[in-house]
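Reviewing the structure listed below.
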Ligand SMILES: Cc1cc2nc3c(=O)[nH]c(=O)nc-3n(C[C@H](O)[C@H](O)[C@H](O)COP(=O)(O)O)c2cc1C
């Protein structure tokens, strides 16, 4: 999949035309696509359900994709990483979607796995998607990244979506390494545990988008995930050792 194309085009779609419907063939292809996505951690069991939006508290879209997961270290990162691939797949098929943290399904568990997050989706006209990078509201590079190594890939990675556009990622870059931190200094009215929950999903989203941007520039890397330390304000989540540039 040409991820970069979809990264530049994607946006959260909250308005759907009820005359446009997904076909059963399209739904079958979504399930097939999901099964091909790469997890961040293959040891974490996940499962999914596609339900009509009315079966959840979600306010828009024709269907919702519900992600269930084992609850363990990295399960939120893994959920973000996996469903971001779905978000990009949707763009490639002219299917609008929106990550939806505020909504809950009827079933909070499924086959012994816990509900993590959902994505609302539905058929749209291609014209709903972005056509210019100027349409993204994102923090500037200088606020988010220390260093200029691999700048063009890192600039594009900042287009990643996040809950309430919080953009909790902070980056340090050098010729040899890209370090990805989660800042815990963001101020929200919501409880800290809730902010941590969604921001961990955001970090999984960011890691997927970052890797797609590195790959698009043929930058070879080895990823190491790092367990967050509660006492750190800037919590290291991942370190990418840069191994060079391919053709
Ligand atoms: C984990 C997560 C949860 C989100 N929850 C909601 C939500 O409950 N309602 C909503 O309208 N948008 C939700 N969003 C969408 C964000 O508000 C949106 O991604 C962000 O503002 C950036 O805009 P963009 O996706 O159009 O680039 C969520 C996004 C993420 C990543």
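The values are calculated or read from the model by the stated rules, or taken from the named source; none is laboratory data. Computed from a predicted structure; not experimentally measured. Positions of Cβ are generated from backbone atoms using ideal geometry, with glycine treated the same way; all protein chains shown enter the neighbour counts.
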Among 126, 142, the single one that is more than 12 Å from the ligand (Cβ to nearest atom), within 25 Å of residue 242 (Cα to Cα) and without any contact (Cβ under 8 Å) to a residue 40 or more places away in the chain is 142
Flagged in the stretch 85-123 as more than 20 Å from residue 16 (Cβ to Cβ), more than 13 Å from the ligand (Cβ to nearest atom) and part of a strand (DSSP E or B), in numbering order, are 109, 110, 113, 114, 115
Exercise for the section: With respect to residue 164, determine if the residue is within 16 Å of the ligand (Cβ to nearest atom) and out of contact with any strand residue (DSSP E or B) (no Cβ under 8 Å at 6 or more places or on another chain). Expected result: yes
Residue 61: crowded, with 21+ Cβ neighbours inside 10 Å, more than 16 Å from the chain's Cα centre (by Cα), at pLDDT 95 or above and not in a strand (DSSP E or B), yes or no? yes
Practice problem: For the stretch 220-237, indicate whether the set of residues that are in a helix (DSSP H, G or I), without any contact (Cβ under 8 Å) to a residue 60 or more places away in the chain and surrounded by fewer than 18 Cβ atoms within 10 Å (Cβ to Cβ) is non-empty. | Solution: no
Yes or no: residue 77 closer than 24 Å to residue 236 by Cα and either surrounded by fewer than 22 Cβ atoms within 10 Å (Cβ to Cβ) or at pLDDT 95 or above (or both)?
yes
Every listed condition ((1) modelled with pLDDT of 95 or more; (2) more than 21 Å from residue 40 (Cα to Cα); (3) away from the ligand (no atom under 16 Å from the Cβ)) holds for residue 246 save (1)
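Can you find a residue that is part of a helix (DSSP H, G or I), within 13 Å of the ligand (Cβ to nearest atom) and exposed (fewer than 15 other Cβ atoms within 10 Å of the Cβ) anywhere in the stretch 190-203? Spell out how you get there, then give the answer.
Of the stretch 190-203, the ones part of a helix (DSSP H, G or I) are 192-203.
Narrowing further to those that are within 13 Å of the ligand (Cβ to nearest atom): 194-203.
Applying the additional criterion that residues be exposed (fewer than 15 other Cβ atoms within 10 Å of the Cβ) yields 194.
Yes.
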If I filter the stretch 182-192 for residues that are within 16 Å of residue 88 (Cα to Cα) and in contact (Cβ under 8 Å) with a residue 12 or more places away in the chain, do I get at least one hit?
no
Screening 44, 30 for residues that are under 23 Å from residue 162 (Cα atoms) and without any contact (Cβ under 8 Å) to a residue 40 or more places away in the chain leaves only 44
Those residues of the stretch 50-84 which are more than 13 Å from the ligand (Cβ to nearest atom) and on the phi > 0 side of the Ramachandran plot amount to 74
Taking the stretch 64-78 and the residues there that are assigned to a strand (DSSP E or B) and touching a helix residue (DSSP H, G or I) at 6+ places or on another chain (Cβ under 6 Å), the one that is farthest from residue 41 (Cα to Cα) would be 64
